[in-house]
1. With respect to the numbered conditions (1) under 14 Å from residue 226 (Cβ atoms); (2) part of a helix (DSSP H, G or I), which one is the sole condition not fulfilled by residue 121?
2. Out of 141, 152, I need the residue that is open to solvent by 40 Å² or more (accessible area, probe 1.4 Å), at pLDDT below 95 and not aliphatic (A, V, I, L, M). Which one?
3. From the set of residues in segment 114-134 that are open to solvent by 30 Å² or more (accessible area, probe 1.4 Å) and of a type in the set (D, E, K, R), which is nearest to residue 172 (Cα to Cα)?
4. Which residues, taken from segment 198-255, are over 26 Å from residue 68 (Cβ atoms), of a type in the set (A, V, I, L, M, F, W, C) and open to solvent by 60 Å² or more (accessible area, probe 1.4 Å)?
5. Could you figure out which of (1) out of contact with any strand residue (DSSP E or B) (no Cβ under 6 Å at 6 or more places or on another chain); (2) over 22 Å from residue 271 (Cβ atoms) isn't true of residue 234?
6. Name the single residue, out of those in segment 162-195 being aromatic (Phe, Trp, Tyr) and free of Cβ contacts under 8 Å to residues at least 40 places away in the same chain, that is least open to solvent (accessible area, probe 1.4 Å).
7. Select from segment 285-299 the residues that are under 21 Å from the mean Cα position of the chain (by Cα) and open to solvent by 40 Å² or more (accessible area, probe 1.4 Å) and write down the one among them that is modelled with the highest pLDDT.
8. Since residue 159 meets every condition but one in (1) more than 23 Å from residue 176 (Cβ to Cβ); (2) open to solvent by 10 Å² or more (accessible area, probe 1.4 Å); (3) among the aromatic types (Phe, Trp, Tyr), which condition does it not meet?
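The values are calculated or read from the model by the stated rules, or taken from the named source; none is laboratory data. As the structure is a prediction and not an experimental result, all values here were calculated from the model. Here the Cβ is made from the backbone with ideal geometry for all residues, glycine too, and neighbour counts use every protein chain on show. Note: accessible area is taken over every heavy atom of the protein model, side chains too, but ligands, DNA and RNA are not part of it. Shrake-Rupley method; radii C 1.70, N 1.55, O 1.52, S 1.80 Å.
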Amino acid sequence: MLNILKQYGKRFTRKLLIYIGYYKAIAFILKRTSGFPIWENLEIDIQSSCNRDCEFCPRYHDRSGVRKDAEGKQVIAKMPTEKVYDLIDQAHRLGFRGKIKLHRLSESMLDKRYVEFAKYIKEKGLRLLENTNGDVFKKNEALCEQLDGLIEHLTIGLYDYHNEAEKQAEIAYWQGKFKKTQLAFSTPTENCTIRQGAKIYFEVKKNPAALDLPCPQPMKMMLVRYDGEVSLCCEDDQCHFDLGNAFEQSLQEIWWSRKHIHIARTLEKSGGRHQFPRCSTCYNGQEKINLLSRTSPED
């Protein structure tokens, strides 16, 4: 057997291992031996930018060069196409058939490759879910038709209404654009999560009890930034935990590393946030706040 593998080379060996379910077997063994299940949600950040600058978004105060540069200008970068496909393939080989999104604090519809990625995800039997501010769709209605049904579930952010009538009008507009894709609507101005890096983080009253809450995100989410760096959770866009880079390591190496499992298991317990500086100031999980009540159309 070894002579055959040597004769035909690494490419043949890789295909053979995929065929016999080698990667699924590895995932199964790692899950059983570690007691740590595979992620439920995979988010691949295909590009870095967003066309909005919302006060409730963690991008707002970034000057690190990840989302904005030192002068506050947007960083424009794309994940290489071959890397996107490779990450999807890795997840598929491990037996993952769950939810996948193509953004991380970014507007994925700005990327013209989105449709081709969506088709590939569908072919692989993965469930494509997405979040959007809707602006690209409004300027390109043909894109609604292209993605209707390719995206299983689409959450559209409603940011510009000032009263209930305007909100319902926006909902009706979007329901008329998508017939096959399941729609949901986020209303962060009425139900705003307090997130680190956001403008409102420094302006609203925070509940200290939130810091004692368990955090399940690291047990459920595999988040890959556009440059390959892996985030612990949706509040870790700066990748403070140094979990690894998915361009240099496999997803399974990063996910089932001792470091990641230790952090995740610590945070799933009440009070676990206090063990890590980044988490000790995270109020994600406390009651949401209403920003709409402080504004009016005349403001």
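1. Residue 121 satisfies every listed condition except (1).
2. Just a single option satisfies the conditions, and that option is 141.
3. Ranking the candidates gives 127 first.
4. 213
5. Condition (2) is where residue 234 drops out.
6. By that ranking, first place goes to 178.
7. Going through the qualifying residues, I end up with 288.
8. Exception for residue 159: condition (1).
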